[in-house]
Amino acid sequence: MSYIQDFEKLVQEQLKRVERMKNEPPAIDYSGLDKIIIGFVDGDGIGPVIMKQTRRVLDEILREDVAEGRVEMRTVEGLTLENRVARKETLPAEVLEQIRQCNVFLKGPTTTPNETMNMPNLESANVALRRELDLFANVRPISIPERGIDWTFFRENTEGEYIVGSHGVAVSDDMCVDFKITTTQGTERIARMAFEYARANGKNRVECVTKANIMKKTDGKFLEVVHKVGEEYPDIRVEDWYIDIMTANLINEEMQKDFQVFVMPNLYGDIITDEAAQIQGGVGTAGSANIGNRYAMFEAIHGSAPRMVEEGIEDRANPESLMKAAELMLRHIGFAQEADRLRKAVDIAAADPSLHMTGTKEGSTTEEFTEAVLKAL
Ligand code: IPM
Ligand code: MG
């Protein structure tokens with residue numbers, strides 16, 4: 001019955017994490033830094049292709065800030081599938097150390113190796129980075145102005161089904177158990193970020209999405225804590241939804257316009273933000289911010305698309321999502337004007353009728369899209 005001891009150990013570690021969260025230092029104030037260091041992590045598959053082009057755009061936008069020493073851009077090496085597989089490590093120590101030397105970083109998608117790929121079954125690098133750097137908030141904006149849609153998703157980004165997702169137990173050949181963990185502290189901080197965003201942006205509603213009718217303890221706590229934090233924001237109404245009906249409502253044209261801000265546990269947020277991105281025009285069109293009090297990571301919402309590499313069409317990958325992630329990064333470090341400039345140019349390129357970012361061999365190339373962005377800057 002060794003799994004009972006394993007469970008005990010897992011619970012003790014999580015209780016320690018709760019203590020750490022109680023003593024968490026406040027969020028970093030970028031305006032107080034002499035210099036902001038931005039890291040760039042290529043990722044796997046289409047990652048290096050979309051990163052190269054996104055960097056060209058950032059080089060242009062931040063030229064003066066770099067020249068005058070307000071911003072430094074650094075390439076972080078070694079978070080490649082090859083290196084991780086060779087080392088049998090999800091996050092090689094020297095990679096994590098390079099990342100910790102940066103304030104924020106832009107990351108291309110990483111491939112998670114497993115046995116069906118004839119590789120060791122390693123944890124997702126993404127999940128490990130979020131946990132190691134305590135990037136507790138996954139913020140994903142979706143906007144379709146012509147349909148009156150302006151949504152911002154606040155997905156809890158470390159806990160829930162993910163925090164010990166690789167520590168489930170095969171109790172017997174016939175039965176497996178996984179664990180889902182929700183804490184008061186972990187829920188409070190994501191809820192507070194959602195309400196603060198709502199208040200700062202003139203929104204008067206927050207949709208809290210759970211499955212608290214079934215996951216009574218964990219989602220029950222999430223719901224309870226969101227409402228408790230919500231009491232501090234009497235001008236904002238909290239609406240409760242179950243995830244199943246919310247996935248339906250998201251495509252209900254009568255209701256879409258009413259939604260503004262969403263807050264939800266990790267796995268539901270993972271699923272529903274892909275749906276939301278698809279409503280916007282595809283997962284290639286959405287950026288994602290992973291925010292903690294000390295570090296922040298910005299990435300495309302989609303994966304590394306190994307299929308495109310196998311077919312030799314990686315040069316046709318749509319860089320829009322990574323460019324939107326770069327926009328979120330600029331905004332996060334206080335470069336609002338630069339963020340607006342980037343976003344406007346990306347929107348112009350995305351609406352260009354001569355470009356077709358289909359991700360197929362007939363589609364336009366990543367470079368062609370980028371040229372249109374550079375021209376529109
Ligand atoms: C996302 C991705 C990740 C997740 C994967 C790559 C681990 O789907 O960022 O939404 O499940 O969170
Ligand atoms: Mg996802």
- Message: If the only charges are +1 at each Lys and Arg Cβ and -1 at each Asp and Glu Cβ, what is the size of the charge dipole of segment 254-368 around the Cα centre, to the nearest 20 debye?
- Response: 420 debye
- Query: Out of Arg87, Arg55, Arg74, any idea which swings most in a Gaussian network model of the chain, alpha carbons joined below 10 Å?
  - Reply: Arg87
- Karplus-derived 3J(HN,Hα), 6.51/-1.76/1.60, for each residue of segment 177-185, Hz, glycine and proline x: 10, 10, 10, 10, 10, 10, 10, 4, 5
- Tell me which residues come under 5 Å, amide H to amide H, from Phe136 once H is placed; ignore anything under 5 positions away on its chain. Ile291, Gly292, Asn293
- Rounded, prolate or oblate: which fits segment 261-362, taking a ≥ b ≥ c as square roots of the Cα gyration tensor eigenvalues, rounded meaning a/c under 1.5, else prolate when a/b beats b/c? oblate
- Of Lys180/Lys203; Lys203/Lys228; Lys211/Lys324; Lys22/Lys211; Lys16/Lys217, those spanning more than 28 Å from alpha-carbon to alpha-carbon: Lys180/Lys203; Lys211/Lys324
- Item | Per residue, the convex hull volume that the Cα atoms of the chain enclose (Å³) | 155 Å³
- Message: If you average the alpha carbon positions of segment 316-377 and of segment 149-225, how far apart do those two centres end up, in angstrom?
- Response: 31 Å
- Quick one: which residues, 5+ away or cross-chain, put their amide H under 5 Å from the amide H of Asp150? H built at 1.01 Å from N. Ile144
- Set Lys and Arg Cβ to +1 and Asp and Glu Cβ to -1, take the dipole of the chain about its Cα centre, and tell me which of Gly165, Met323, Asn138 lies farthest positive. Asn138
- Task: Determine the dipole magnitude for the chain: charges of +1 sit on the beta-carbon of Lys and Arg, -1 on that of Asp and Glu, nothing else is charged, the reference point is the Cα centre, and the result goes in debye to the nearest 20.
- Result: 740 debye
- Message: If neighbour count is taken as other Cβ atoms inside 10 Å, put Val95, Val373, Val177 in order from fewest to most.
- Response: Val177, Val95, Val373
- Note on the structure: Here segment 135-152 yields Karplus 3J(HN,Hα) values (6.51, -1.76, 1.60; θ = phi - 60°; whole Hz; Gly and Pro given as x) of 8, 7, 10, 9, 10, 10, x, 9, 9, 9, x, 5, 10, x, 9, 9, 10, 10
- Message: Can you give me the long-range amide H partners of Gly39? Hydrogens built in the peptide plane at 1.01 Å from N, cutoff under 5 Å, separation of 5 or more residues or another chain.
- Response: Arg74, Asn103, Val104, Phe105, Leu106
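A short reminder: the numbers here are calculations on the coordinates, not readings from a lab. If you're wondering where the values come from, they're calculated on a predicted model, not measured in any experiment. No Cβ is skipped: glycine too gets one built from the backbone with ideal geometry, and neighbour counts run over all protein chains shown.
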